[in-house]
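Participant: Here you go, one structure.
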Amino acid sequence: MITDLLDPFADVTTFFKRFNQLGYDSNAKITVWVNGDKYVADRESKIIEIIDLIAKCHNRENIDLAFFKRDIDDKLYDLSKMPQMINLTIINCEGTGAGIDIAGTWIYTMDFCNEVQVLGYDYYGYYTNDAGYQLSLVDTDYVVQEGDTWYSISRRHGIPLNDLLALNRAIETERVFAGQVVRIA
C-alpha cells in the first residue's frame, strides 16, 4: 500500500478493496510505503492511524512500514514516534545498504555489467523466512517452460495466482505455452 498521508481512511479503504479482490488473507504481509508530502501535518499520527485501521482486520505483526532513506535523512519522519513494528523497510537507492540501523529490510541499487540492478535484502527473514536473504527485484518476466500452468508459475515464483493473472490480464482457464513471456512482477 502506498500512502501520501493526505487521507488515511480513503487510502486504507481503497487498499483493502484491492487486497480482498486479489484473495489475500490476514496472514499476508502488508507493506505500508509512506510517500508523504512534506507539507502534510502530523505525519507520524497519520501513519499510526493507518496502522490502527489496517490492524482492525489484519494481523498487526504482518504490517511493515517502508520509507525512503532520504525522507528520514531530511527529518520528514521521526522513527522514534513510529509504533514498534516487527519490520521496517528502507528504500535507499543511492546506497548499498539500509543506512538505518533498525531496518529489517532494505531496497537499494547496484551497478552490474553497466546496468543498474535493484536489489532487496531481508536481514531478519521477515518476507522470506530466511534471514540474510538477498534477491534481485529486476526479474519482471518469466519465459514459460513446457508443462507450465498459471498455477505452477505462481507457486514457483511465490506470487498469489490472482496477482499473476491480474499482472497478465489473463484468466485461469487460459493456457500458457512454451516460450510465452509472462509478467511475474
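Participant: Might you check whether a residue that is surrounded by 13 or more Cβ atoms within 10 Å (Cβ to Cβ), closer than 21 Å to Leu167 by Cβ and at pLDDT below 80 occurs anywhere in region 101-114?
Facilitator: No: region 101-114 contains no residue that is surrounded by 13 or more Cβ atoms within 10 Å (Cβ to Cβ), closer than 21 Å to Leu167 by Cβ and at pLDDT below 80.
Participant: Run Tyr77 past the list (1) in a loop (DSSP other than H, G, I, E, B); (2) closer than 27 Å to Leu165 by Cα; (3) in contact with a strand residue (DSSP E or B) (Cβ under 8 Å, 6 or more places away or on another chain) and report the number of the one that doesn't hold.
Facilitator: (2)
Participant: For Arg155, indicate whether it is basic (Lys, Arg) and at pLDDT below 85.
Facilitator: yes
Participant: Then there's this: Pick from Ile90, Ile86: which is surrounded by 13 or more Cβ atoms within 10 Å (Cβ to Cβ), in contact (Cβ under 8 Å) with a residue 24 or more places away in the chain and not in a loop (DSSP other than H, G, I, E, B)?
Facilitator: None of the others qualify; the one that does is Ile90.
Participant: Report every pair of residues separated by at least 6 positions or lying on different chains whose Cβ atoms are under 9 Å apart, first residue within region 15-29 and assigned by TED's automatic domain parsing to the domain that holds Ile63, second exposed (fewer than 13 other Cβ atoms within 10 Å of the Cβ).
Facilitator: Phe15/Ile2; Phe16/Cys57; Ser26/Cys57
Participant: While we're on this one: Among Ala66, Ala41, Ala10, which is over 29 Å from Glu172 (Cα atoms) and in a helix (DSSP H, G or I)?
Facilitator: Being over 29 Å from Glu172 (Cα atoms) and in a helix (DSSP H, G or I) holds for just one of Ala66, Ala41, Ala10, which is Ala10.
Participant: Just to be sure I understand the filter: pairs with C-beta atoms under 9 Å, separated by 6 or more residues or on different chains, first member in region 167-183 and in the same structural domain as Gln21 (by TED's automatic domain parsing) and modelled with pLDDT of 85 or more, second member in a loop (DSSP other than H, G, I, E, B) and not basic (Lys, Arg). Which pairs pass?
Facilitator: none
Participant: Could you pull out the residue among Ala55, Ala28, Ala41 that is farther than 21 Å from Tyr126 by Cα and either of a type outside the set (Asp, Glu) or in contact with a His (Cβ under 8 Å, 6 or more places away or on another chain) (or both)?
Facilitator: Of Ala55, Ala28, Ala41, the one residue that is farther than 21 Å from Tyr126 by Cα and either of a type outside the set (Asp, Glu) or in contact with a His (Cβ under 8 Å, 6 or more places away or on another chain) (or both) is Ala41.
Participant: If the Cβ limit is 8 Å and pairs must be 6+ apart or interchain, which residue in region 38-55 that is in contact (Cβ under 8 Å) with a residue 40 or more places away in the chain pairs with which residue that is assigned to a helix (DSSP H, G or I) and of a type in the set (A, V, I, L, M)?
Facilitator: Ile50/Val12; Leu53/Val12; Ile54/Val12
Participant: Could you say which residue among Lys56, Lys29 is within 16 Å of the chain's Cα centre (by Cα) and among the basic types (Lys, Arg)?
Facilitator: Result: Lys29 is the single residue among Lys56, Lys29 that is within 16 Å of the chain's Cα centre (by Cα) and among the basic types (Lys, Arg).
Participant: Now a separate question. Mind telling me which of the residues Gly36, Gly23 ends up being among the small types (Gly, Ala, Ser), touching a helix residue (DSSP H, G or I) at 6+ places or on another chain (Cβ under 8 Å) and loosely packed, with under 12 Cβ neighbours inside 10 Å?
Facilitator: That would be Gly23, the only listed residue that is among the small types (Gly, Ala, Ser), touching a helix residue (DSSP H, G or I) at 6+ places or on another chain (Cβ under 8 Å) and loosely packed, with under 12 Cβ neighbours inside 10 Å.
Participant: Something else now. Given the conditions (1) exposed (fewer than 13 other Cβ atoms within 10 Å of the Cβ); (2) on the phi < 0 side of the Ramachandran plot, and given that Asp42 satisfies all but one, which numbered condition is not satisfied?
Facilitator: All conditions pass for Asp42, except number (2).
Participant: Now for a different question. Any idea which of Gln117, Gln134, Gln145 is surrounded by fewer than 14 Cβ atoms within 10 Å (Cβ to Cβ), at pLDDT 75 or above, on the phi < 0 side of the Ramachandran plot and among the polar types (S, T, N, Q)?
Facilitator: On inspection, the qualifying residue turns out to be Gln145.
The values are calculated or read from the model by the stated rules, or taken from the named source; none is laboratory data. The shown structure was predicted, so the numbers you read here are calculated from the model rather than taken from an experiment. Note that each Cβ is placed from the backbone with ideal geometry, even for glycine, and that neighbours are counted across all protein chains shown.
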